[in-house]
Amino acid sequence: MIRLSPVLAFAALVAACSPSPTTDTDLPAADVRSGYTFLTAETQAMQDDSFANPGYLWVDRGAALFGSRAGDAPSCASCHGEGLTGAAATYPAIDAATGDLLNLEGRINQCRIRHQNLPALDYESDDLLALTAFVASQSAGVPISVSTDGAAAPHYRNGRDYFFTRRGQFNLSCHQCHDENWGKRLRGDTISQGHGNGFPAYRLEWQALGSLHRRIRDCDAGVRAEPKAFGDPKYIDLELYLSSRANGLEMESPAIRR
Amino acid sequence: MTSIRLSVPQTARKDEIIELKALIQHPMESGYRRGSRGEQIPRNIITRFECLYDGELVFSADFHPAIAADPFLKFYTRAVRSGTLEFRWTDQHGETWSDTASLSVT
């Protein structure tokens, strides 16, 4: 008979009591499905109706802001013409001048500072959401295509790390819900794969349009972890990982979500 | 800055029943919710909606706290003559927002 040392026996006991071990494999590209496919037919219809979809209230407002001048500053449209078709599908991306990783909100604020001599808009303000939704809506139907090599590589690794790290009082990782348990029910919800392709999105629970960071803060709070601040670099790295695991998925902003 | 979206056909045949749609950005805060510090969030709602066809009231609605944010209305009227449709919302404080669309009847 083999006798276990007390330490080994303890380790075996701990292993037996802890939740089943989780994998560390990424979501297979062939399985990728939009959050849209997990919605009820009524909610899908609301998203598809470009009139009834209240997200377009922000898109309209963003279009107006895009075309108007604030003080002496040139309007966004004066440099970008009618718009930026396809641009949003490539974000987050590295800013060539600074080497920083910027998400779409960050890029828009960067343009305000660098090219318009205006202060950055507050994250989650109606104006920044409106501009972001307007620019993102110009990529509706465009497959996500972010780059994760070169200067983006360390950000990708940080983001992936955040996704796979268990956190909060519930000690759960994004991966455990959105890779290992998608399609299953959690309270009244069906867990989707946790893609950001619909954001900024109109969540019925919020009764408003909100950013991807607001959604991620809700998931962090849901496992009773301390949410990061809006625009926190850790969330931008995470956003890069989310976009890369959704590469090829069509953009849907402004989507409707529960 | 309050966004409004209207959907009104540009043209219609005389006596045709036309569909009108109106969406406005508004929080419709019910007054029953509490904030993160337990304080009551004050009620802030639109109380009245009116649609005027060349100045004549053709549709109206009274709103109450149970109506969701960004209220969306869809209703019908008969196209009787070319003219202007005005959509008007009034909140509990008497502030109003309005937008118009023109319809040409052939």
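The values are calculated or read from the model by the stated rules, or taken from the named source; none is laboratory data. Remember, it's a predicted structure, so these values are computed and weren't measured experimentally. Because the Cβ atoms are built from the backbone with ideal geometry, glycine has one as well, and the counts that use them run over all protein chains shown. The protein model used for the area step is the full one, side chains on, heavy atoms only, and it has no ligands, DNA or RNA in it. Shrake-Rupley method; radii C 1.70, N 1.55, O 1.52, S 1.80 Å.
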Rh (Kirkwood; distinct C-alpha pairs) - the range B:4-105, Å: 14.8 Å
Nearest-10 value in Å² for the accessible area of B:Lys14, using the 1.4 Å probe: 120 Å²
Relative contact order [Cα under 8 Å, 6+ residues apart], the range A:168-258, whole percent: 37 percent
Dipole of chain A, positive direction: furthest Cα of A:Ser125, A:Ile216, A:Ala89, with charges on the beta-carbon: A:Ile216
For B:Glu29, residues with placed amide H under 5 Å, excluding near neighbours: B:Asn44
Carbon + sulfur, % of accessible area of the range A:205-258 - ligands and nucleic acids excluded, 1.4 Å: 45 percent
Rounded to whole Å, sorted largest first: equivalent-ellipsoid semi-axes of the range A:55-137, Cα gyration tensor: 18, 16, 12
DSSP beta bridges in the range B:4-105 [antiparallel fraction, %, rounded to 5]: 95 percent
Fraction of beta bridges assigned by DSSP in chain A that are antiparallel (%, nearest 5): 75 percent
Folded to 0 to 90 degrees: helix A:212-222 orientation relative to chain A principal axis, Cα: 30 degrees
Surface accessible to a 1.4 Å probe, A:Cys111 within the full protein complex, Å²: 30 Å²
Sequence-distant residues sharing a close amide H with A:Arg203 (under 5 Å, placed H): A:Ala208, A:Gly210, A:Arg257
Total charge dipole magnitude, chain B, about the Cα centre, Cβ charges on Lys, Arg, Asp, Glu only, Debye to nearest 20: 260 debye
Probe 1.4 Å, all protein chains present, accessible-area order of A:Thr90, A:Thr25, largest first: A:Thr25, A:Thr90
Amide hydrogen neighbours beyond the local backbone of B:Phe59, cut-off 5 Å, H modeled: B:Cys51
Cβ-based charge dipole, chain A, positive-most Cα from A:Phe51, A:Ala140, A:Ala41: A:Ala41
Exercise: per-residue mean of other protein chain Cβ atoms within 10 Å, B:66-73: 3
Chain B, relative contact order in percent, only Cα pairs under 8 angstrom and at least six apart counted: 33 percent
Inter-chain Cβ neighbour average for residues A:51-64, partner chain, 10 Å: 4
Loop GluC sites (Glu not before Pro), the range B:34-77, which have at most 10 other Cβ atoms in a 10 Å radius of their Cβ (DSSP): B:Glu39
Dipole magnitude (debye, nearest 20) for the protein assembly as shown, charges at Cβ of Lys, Arg, Asp, Glu: 860 debye
The range A:55-137, relative contact order in percent, only Cα pairs under 8 angstrom and at least six apart counted: 43 percent
Pairwise label distance in nanometres, A:Arg185 with A:Asp48, each label 7 Å out on the Cα-Cβ vector: 2.5 nm
Estimated translational D of the protein assembly as shown in µm²/s (Stokes, Kirkwood radius over Cα pairs; 10 °C; 1.306 mPa s): 69 µm²/s
Relative packing of A:200-213, A:91-104, which averages over residues the other C-beta atoms within 10 Å, highest first: A:200-213, A:91-104
